[in-house]
Structure formats: structure tokens, C-alpha cells
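The values are calculated or read from the model by the stated rules, or taken from the named source; none is laboratory data. All values reported here derive from a predicted model rather than from experimental measurement. Please note: Cβ atoms are built from the backbone with ideal geometry, for glycine as well, and neighbour counts cover all protein chains shown. In case anyone asks, the SASA skips ligands and DNA or RNA and just uses the protein heavy atoms, side chains included. Shrake-Rupley method; radii C 1.70, N 1.55, O 1.52, S 1.80 Å.
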Amino acid sequence: VSSALPGEGKSTFVVNLAISFAREGKRVLIVDCDLRRPAQHRHFTSTSNHIGLTDVLTQKAKADEAIQKTGVEDVHLLTSGGLPTDPARLVESLRFRQMLLDLQKDYDVVLVDTPPALVVNDAMVIARSVDGLVLVVESGGTSRKTVVDLRHRFESAAIEPIGLVLNKLEF
């Protein structure tokens, strides 16, 4: 899950989507891949960001040691962990892709929260390692030009999002 810019609500959307899947009986894992401005650990009071994805990818911890319970039944969280000096290198690694494949064996749904796609290239790289990409766009907050720029960026990378969520829509 990504967005064009910060503040569009993608991290909150990921949490709500995870809870919806869990209510349908699915085992869900949220992976916070925003290695610059992580947010998922703030959504769950029982979690911390002291150990997480960066520790797994640098082999300082195993995934099962870093994955935390969220307090929501069947929703687990792999926080970002400490902020690395070169986040792009970690998400581009073979170890990252292999970790995602391994996690799919233990969970029905793995939701990956990425940085905004127009801010850094991480979402584009991660999109190649997952089954699908959902974009979150803030209603009334994200300009048409920004959405068109986002679409062109994904088209030029031959990445086809599977959906778009219009977020923060006022009725």
C-alpha cells in the first residue's frame, strides 16, 4: 500500500484493512516498510519499534523474534525497526524478497506499508516483490496533477496498481 505524498492516510488504511481481514478469519501481518518515517508502531499501543524489519534484514534478529502481537486477534506487526543509513538497499535486497515469501507461508494476508511513491523510490521497488499494489489518495487534498504524476511514474515502471482508495472523503 502506498500513496503519492505523506499524510494521505495509507498507514491508517493498512491498519483498518488488516482488522477487516482478521474479522473474516484471516491471519494478517502488517510489515512497516517505511524505513524513513515509520508509523505502524504508533497505531498499536502494545507494540514498539525497538526491533523490526531492519534487524531481520541485517540478520540481527529472526522474523519470528521481531513480529509482535498487536492486541487485535490475528493481526501481527513487523515494525520497521531502527532507521537504516541506506533504506533503499535493504528493500532492493534478495533477502527482503525472500523474507516476504517466507512470511506468506505463515499468514493468509501480508500487508506492506510503503513510503509515499512520489517522495522516494522504495514503493516502486517493493511493488515488484508483492502480489499487488493499492494506492491511497486523499480526497480534496491530493491534486489531480499529483495523481497523474503518480500514474505516469507507475506506468513508466510497468507496474499496474490493483486498486485505488479515495480516502478522507467527506459526505
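Which residues, counting only those in the stretch 86-120, are among the acidic types (Asp, Glu), open to solvent by 80 Å² or more (accessible area, probe 1.4 Å) and under 20 Å from Ala39 (Cα atoms)?
Within the stretch 86-120, none qualify.
Looking at this structure, is Thr58 at pLDDT below 95, surrounded by fewer than 19 Cβ atoms within 10 Å (Cβ to Cβ) and not aliphatic (A, V, I, L, M)?
no
Condition check ((1) in contact with a helix residue (DSSP H, G or I) (Cβ under 9 Å, 6 or more places away or on another chain); (2) on the phi < 0 side of the Ramachandran plot) across all residues:
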residue: Val110; (1), (2): yes, yes
residue: Val130; (1), (2): yes, yes
residue: Leu133; (1), (2): yes, yes
residue: Val137; (1), (2): yes, yes
residue: Glu155; (1), (2): no, yes
residue: Ala158; (1), (2): no, no
residue: Pro161; (1), (2): yes, yes
residue: Glu170; (1), (2): no, yes
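Just one of the numbered conditions (1) farther than 30 Å from Asp149 by Cβ; (2) open to solvent by 60 Å² or more (accessible area, probe 1.4 Å); (3) assigned to a loop (DSSP other than H, G, I, E, B); (4) among the hydrophobic types (A, V, I, L, M, F, W, C) is not true of Leu83; which one?
Here Leu83 meets the rest and fails (1).
Run Gly71 past the list (1) in contact with a helix residue (DSSP H, G or I) (Cβ under 6 Å, 6 or more places away or on another chain); (2) farther than 24 Å from Ser3 by Cα; (3) part of a loop (DSSP other than H, G, I, E, B); (4) open to solvent by 20 Å² or more (accessible area, probe 1.4 Å) and report the number of the one that doesn't hold.
(1)
Of all residues being polar (S, T, N, Q) and surrounded by 11 or more Cβ atoms within 10 Å (Cβ to Cβ) in the stretch 121-171, which is nearest to Pro87 (Cα to Cα)? Just the residue, please.
Per the criteria, the residue is Asn121.
I need the full set of residues from the stretch 16-39 which are touching a residue at least 60 places away in the same chain (Cβ under 8 Å), open to solvent by less than 20 Å² (accessible area, probe 1.4 Å) and more than 20 Å from Asp86 (Cα to Cα), in order please.
Within the stretch 16-39, Ala18, Val28, Leu29, Ile30 meet the criteria.
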